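The values are calculated or read from the model by the stated rules, or taken from the named source; none is laboratory data. Please read these numbers as outputs of a predicted model, since none were measured by experiment. FYI the Cβ positions are ideal-geometry reconstructions off the backbone, even for glycines, and counts take in every protein chain you see.
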Amino acid sequence: MNRASLCLLPGALAALCLLASPAARAFEATQQRGSVTLRYQDAHDALPEAMRQRIIDTFYFAYLRERADFHPKAPADVRIVIDPAYNGVAYVGDKDKATTITINPGWLLQHPDDIDLVTHEAMHIVQGYPSYGDTRVPGWLVEGIADYARDRYGTDNAAAGWALPDKVGKGQSVESGYRVTGAFLKWAEAGHPGLVLALDKALRNGQYTLALWQQHTGKGLPALWAEYAKPRSDAPPPAPARGGKR
Ligand SMILES: [Zn+2]
């Protein structure tokens, strides 16, 4: 019998169990809140209980809201895998990993307040787009929406010193992605409510085109970005003094 199956009690509100093995203690827990079931797996028991609980609580807070607001048919069965072999921060993959958030425990142990990385990753599951990083599904927009969601649904961004920027830095563009694009989306959404929802839906359906920006805001993307960026960019350096060589 698969020992792990002992932990999977469907319908249980909170089925927790500890699996002891000679090599390492594996922790696995299955929870259900609302209509969403979460399987949490930490094969090496790399994170302490308090952190585990914080991850699970943050996941449910964000995912239930992101899912309800953007894509109620998003997966109802989700996994969080704690993987010490993963060198990045966290990710949601494609295909069989499209419903799995993989987290590097080392990052969270060093940055325990960065808990809303879970909020960003949970949005990637809600997004569930058919591809990533092409003209139909530009990576900068996918990451911009995920950081827009981290700002909107995050529970403790301030503690992590995480915020959407209120300035546009030198060399940044709408295609910078992540927080840069997230801040732009927040501004654009305030002026054109429903814009982010429409972008998200089009990306999921494979129907995203630049024309969408024009349709929903009355402006092309370059013009919209310019309107946003101009007052948020540092003034250009003063023109060189006239005179001198003639
Ligand atoms: Zn991301």
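Observations on the structure shown:
- From the options 162, 140, residue that is in contact with a Gly (Cβ under 8 Å, 6 or more places away or on another chain) and within 15 Å of residue 114 (Cα to Cα): 162
- Residues being of a type in the set (S, T, N, Q), more than 11 Å from the ligand (Cβ to nearest atom) and either farther than 19 Å from residue 97 by Cβ or crowded, with 16+ Cβ neighbours inside 10 Å (or both) - total across region 120-159: 3
- Answer residue from region 72-90, given it is farther than 13 Å from residue 101 by Cα and either under 15 Å from the mean Cα position of the chain (by Cα) or touching a residue at least 12 places away in the same chain (Cβ under 8 Å) (or both) and is surrounded by the fewest Cβ atoms within 10 Å (Cβ to Cβ) among those: 87
- In region 59-71, residue farthest from residue 33 (Cα to Cα) [restricted to those that are over 14 Å from the mean Cα position of the chain (by Cα) and part of a helix (DSSP H, G or I)]: 69
- Residue among 222, 240, 231, 165 that alone is at pLDDT 95 or above and in a loop (DSSP other than H, G, I, E, B): 165
- Residues of region 72-96 that are in a helix (DSSP H, G or I) and in contact with a strand residue (DSSP E or B) (Cβ under 8 Å, 6 or more places away or on another chain): none at all.
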